[in-house]
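Structure, as structure tokens:
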Amino acid sequence: MQLTNFTDFGLRALIYLASLPKDELTSITIVTETFDVSRNHMVKIINKLGQEGYVKTVRGKNGGICLGKPAQQIIIGDVIRSIEPLQVVNCAPDFCHITSACRLKSALAKAKQAFLDELDNYTIQDMLTDNSELLILLKRV
């Protein structure tokens, strides 16, 4: 299963924000430069993460972005469910003429659920705990 770039960079942004000292604000520009992604794309990602409560945005001269809740409360499976389309295959009858007899869709649904169930065991904080190499790469040490 492959996540969209939107979800991939959304998770990366959350990891970056979790690496910041508590309540420290950063800018979308800094996150964009850290991961070498277009600013326009990152603005959309941060907007969606903000709508879901994962990111808090502060407007104004001293504004910026930070996590909207503690990193240990951000479950990776939940993040993916909230921003990833998660349609593995298109089983609409007008798209696939075998859908009424197909067993593949059931197998794929079970696989998708197992994928998400596993990711429910991890939080954004888990990605940072005892991971000094990551902090170095994020230039947080």
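The values are calculated or read from the model by the stated rules, or taken from the named source; none is laboratory data. Fair warning: this is a prediction, and the values are worked out from it, not measured in the lab. Here the Cβ is made from the backbone with ideal geometry for all residues, glycine too, and neighbour counts use every protein chain on show. For the accessible areas, the whole protein counts, side chains as well, though only heavy atoms, and no ligand, DNA or RNA atoms are used. Shrake-Rupley method; radii C 1.70, N 1.55, O 1.52, S 1.80 Å.
Of note:
- Here the stretch 1-54 is treated as a sphere whose radius is the Kirkwood value from Cα pairs; by Stokes-Einstein at 10 °C and 1.306 mPa s it diffuses with a coefficient of 139 µm²/s.
- Here the Gaussian network model covers the chain, with springs between Cα atoms less than 10 Å apart; of Phe95, Phe115, Phe35, Phe95 fluctuates the most.
- If the segment from Lys69 to Ala114 were pulled out straight at 0.36 nm per residue, it would be longer than the present Cα-Cα gap by 13.6 nm.
- In Hz, Karplus ³J(HN,Hα) per residue of the stretch 93-102 (6.51, -1.76, 1.60; θ = phi - 60°; x = Gly, Pro): x, 6, 9, 10, 6, 9, 4, 5, 10, 6
- Sequence ranges 20-32, 72-84, ranked by mean other-Cβ count within 10 angstrom, highest first: 72-84, 20-32
- Taking θ as phi - 60° and the Karplus parameters 6.51, -1.76 and 1.60, the scalar couplings of the stretch 25-37 work out to 8, 9, 10, 4, 4, 5, 4, 4, 5, 4, 10, 6, 10 Hz in sequence order, x denoting glycine and proline.
- Gyration tensor (Cα) of the chain, equivalent ellipsoid semi-axes in angstrom: 33, 17, 13
- With both labels modelled 7 Å from their Cα along Cα-to-Cβ, the Leu104 to Asp78 distance reads 3.5 nm.
- Using a probe radius of 1.4 angstrom, the carbon and sulfur fraction of the accessible surface of the chain is 52%.
- Cross-link reach list, aspartates and glutamates versus Lys112, counting only Cα pairs under 15 Å and skipping chain neighbours closer than eight places: Asp78, Glu84, Asp120
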